[in-house]
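Report on one structure; see the data block that follows.
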Amino acid sequence: MKNRHGKYWFSQLHYQVWHESMLERWALMFLDFSADIAAISAQPCLMQFEDGAYHYPDYFVVYNDGKRGIVDVHFEAFNSPRSVRRFQNTKSACERIGWSYGMFRSVNPVVLRNLELLSMYRHSRYAPTEDVRLGLIDAVDGLPFAEAVGVDRSVPFALTTCRIYHLVWSGDLTADLTRPFNDHTILWSS
């Protein structure tokens, strides 16, 4: 399996974060979508443990509430006794200093596909103005996507579509992302 190095544009922070694999990119996308992040750093340090093991954690995260944590990214199928020990040591170290520890191991393919779609509209250029945002949230609450994109006839259909995708990404609207996002997807205000 070949790694796909690159950078993910983290919309909450307006900067790019390094990743070494597609699984790491997906983990960043999930964090960007689902967690309130104040800062994130890729491979921030070397952790050396009492048993001689060492580990470079994948991500150090500072949350908006001030809490800190480590997120490691690793397919469970590729676990070896050595990597399991390394992750357990990292988790123990985090617990001792009051940090959270998370492991991103796999991806639900339907949720991933939906987030890939929504992430294309994560940039603030797709965000409606505040008055339009509030009106749109109210107007589309409980509607299927196909009806929701037609509620504002004063602007092009494509613009409303982009705005709705952005509002789902930003959490102002919600939808069941465990099912394929399509014309029948019901939108709800958060």
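None of the figures in this text is laboratory data; all of them are computed from the coordinates on show. Note that the coordinates shown come from a computational prediction; the quantities given were computed from them, not determined experimentally. Cβ placement follows ideal geometry from the backbone for every residue including glycine, while neighbour counts extend to all protein chains displayed.
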(message) Per DSSP helix of 4 or more residues, -39500 (n - 2.57); summed, then divided by the residues of the chain. What does that give at 222 nm, rounded to the nearest 500?
(response) -11500 deg cm²/dmol
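Sort region 60-103 into rounded, prolate or oblate with this rule: let a ≥ b ≥ c be the square roots of the eigenvalues of the Cα gyration tensor; rounded if a/c is under 1.5, and if a/c is not under 1.5, prolate when a/b is larger than b/c, oblate otherwise. Working shown, then result.
On the way: a/c = 4.56, a/b = 1.82, b/c = 2.50.
Here region 60-103 falls in the oblate category.
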(request) Once you have all Cα-Cα distances for region 1-64, histogram them in 10 Å bins from zero and send the whole-percent values. (result) 21, 48, 25, 7
(message) Can you report the principal axis dimensions of region 109-189 using only the alpha carbons, biggest first, rounded to whole angstrom?
(response) 36, 24, 20
(request) Kindly express, to the nearest 10 degrees and within the range 0 to 90, the angle between helix 157-170's C-alpha long axis and the longest C-alpha principal axis of the chain. (result) 30 degrees
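Specify whether the C-alpha gyration tensor of region 27-98 places it in the rounded, prolate or oblate class, a ≥ b ≥ c being the square roots of the eigenvalues: rounded for a/c under 1.5, otherwise prolate if a/b is larger than b/c and oblate if not.
Values: a/c = 2.34, a/b = 1.47, b/c = 1.59.
Because a/c hits 1.5 or more and a/b fails to exceed b/c, region 27-98 counts as oblate.
Kindly rank 66-74, 182-190, 21-29 from highest to lowest mean number of other beta carbons found within 10 Å of each residue.
On the way: 66-74: 17.3, 182-190: 14.1, 21-29: 21.4.
Ranking the peptides 66-74, 182-190, 21-29 by packing returns 21-29, 66-74, 182-190.
What's the magnitude of the charge dipole for the chain around its Cα centre, counting Lys and Arg as +1 and Asp and Glu as -1 at the beta-carbon? Answer in Debye, nearest 20.
Details: 19 positive and 21 negative charges, 145 e Å.
Charge dipole, the chain, about its Cα centre: 700 debye, nearest 20.
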(request) Rounded to whole Hz and in sequence order, give me ³J(HN,Hα) for region 115-127 from the Karplus expression 6.51 cos²θ - 1.76 cosθ + 1.60, θ = phi - 60°, writing x for Gly and Pro. (result) 5, 4, 5, 5, 5, 5, 10, 7, 5, 5, 5, 8, 6
(request) Can you tell me the relative contact order of the chain? Whole percent, Cα pairs under 8 Å, sequence separation 6 or more. (result) 15 percent
(request) Starting from the eigenvalues of the Cα gyration tensor, five times each then square-rooted, give me the equivalent ellipsoid semi-axes of the chain, largest first, whole Å. (result) 37, 17, 14
(request) Output ³J(HN,Hα) for region 55-66: one whole-Hz value per residue in order, computed from phi by the Karplus curve 6.51 cos²θ - 1.76 cosθ + 1.60 with θ = phi - 60°, and x for Gly and Pro. (result) 7, 9, x, 6, 9, 9, 10, 10, 8, 4, 7, x
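Run through the DSSP bridge list for the chain and note the antiparallel percent, rounded to the nearest 5.
Details: 19 of 24 bridges.
Of the beta bridges lying entirely in the chain, close to 80 percent run antiparallel.
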(message) What do you get for the angle between helix 22-34 and the principal long axis of the chain? Use alpha-carbon atoms, 0 to 90 degrees, nearest ten.
(response) 60 degrees
(message) Defining a contact as two alpha carbons under 8 Å apart and six or more residues distant in sequence, what relative contact order in percent does region 109-189 show?
(response) 44 percent
(message) How tilted is helix 81-97 with respect to the longest principal axis of the chain? Cα atoms for both, answer in degrees (0 to 90, nearest 10).
(response) 80 degrees
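Please sort by residue number the trypsin sites (Lys or Arg not before Pro) in region 91-133 whose DSSP state is loop and whose Cβ has at most 12 other Cβ atoms within 10 Å. Don't skip to the answer; put the middle values down first.
Details: sites: LYS91, ARG96, ARG105, ARG113, ARG122, ARG125, ARG133; in loops: ARG105, ARG122.
In loop regions of region 91-133 (DSSP not H, G, I, E or B), there are no sparsely surrounded trypsin sites (Lys or Arg not before Pro).
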(request) Enumerate the amide H contacts of SER100 below 5 Å, restricted to partners 5 or more residues apart or on another chain; note that Pro and chain-start residues carry no placed amide H. (result) ARG68, GLY69, ILE70
